[in-house]
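What follows is calculated from the coordinates using simple rules that are stated; it is not laboratory data. Just so we're clear, the structure is a prediction, and the values are computed from it rather than from any experiment. Cβ coordinates were reconstructed from backbone atoms using ideal geometry, including for glycine residues, and neighbour counts include every protein chain displayed.
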Amino acid sequence: MYNKKTFFTTMVMLFMMTIPGFANAFNMMAAEDLKVRLDTKDPTILLDIQKKNAYKEHHFYGSIRTYAYPAKNDSDLESAVQAVRMHEQNGNDVVIIGPRGGRASQRTTDFLITRGIPEEKIFILKGGLKKWPYRKMLLNIKGGCK
């Protein structure tokens, strides 16, 4: 009887791992941790996937702008290849900066993994820029630069 319970439990767990959301555990980075990286100038690739208008309103200095949001297909994400090239050159971690740190950031993570960046080198800013508490660290070029 014990073996049947163990087998059943194992099968349920394996099944749960195949359901989206259970299968992928994404590496989330807290705002405080990213702030420390930026303050200490820890080499990090910042990949911004916001829409163009949102990027103009708030983004990090030195981030790679992609305008990839909502990142639903490869054509949305093709500009993210810039981060792949940078990672190939320097091996630095990639932090995906999205509006809320949700599905679009997760799809971007999946895209980067298929392009060869190891999963452990990719992070998603938890809560995205919507929850970023250090607003004075962001640039605003709305109405100014292209």
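Taking amide H atoms as placed 1.01 Å from N in the peptide plane, the amide H of Met29 lies under 5 Å from those of Ile124, Leu125, Lys126, each 5 or more residues away in sequence or on another chain. For the peptides 71-77, 85-91, 109-115, 47-53, residues were scored by their other Cβ atoms within 10 Å and the scores averaged per peptide; the highest-first order is 47-53, 109-115, 71-77, 85-91. Averaged over residues, the count of other Cβ atoms within 10 Å places the peptides 93-99, 134-140 in the sequence 93-99, 134-140, highest first. Coupling constants for region 30-41 follow from the phi torsions by the Karplus curve (6.51 cos²θ - 1.76 cosθ + 1.60, θ = phi - 60°), and in residue order they are 5, 4, 4, 5, 5, 4, 4, 4, 5, 5, 8, 6 Hz; glycine and proline get x. List, in the order given, every pair from Lys51/Lys131; Lys35/Lys72; Lys52/Lys72 whose Cα-Cα distance in the structure shown is over 26 Å. Correct reply: Lys35/Lys72. Once divided by 2.2 N^0.38 Å, the Cα radius of gyration of region 43-120 becomes 0.98.
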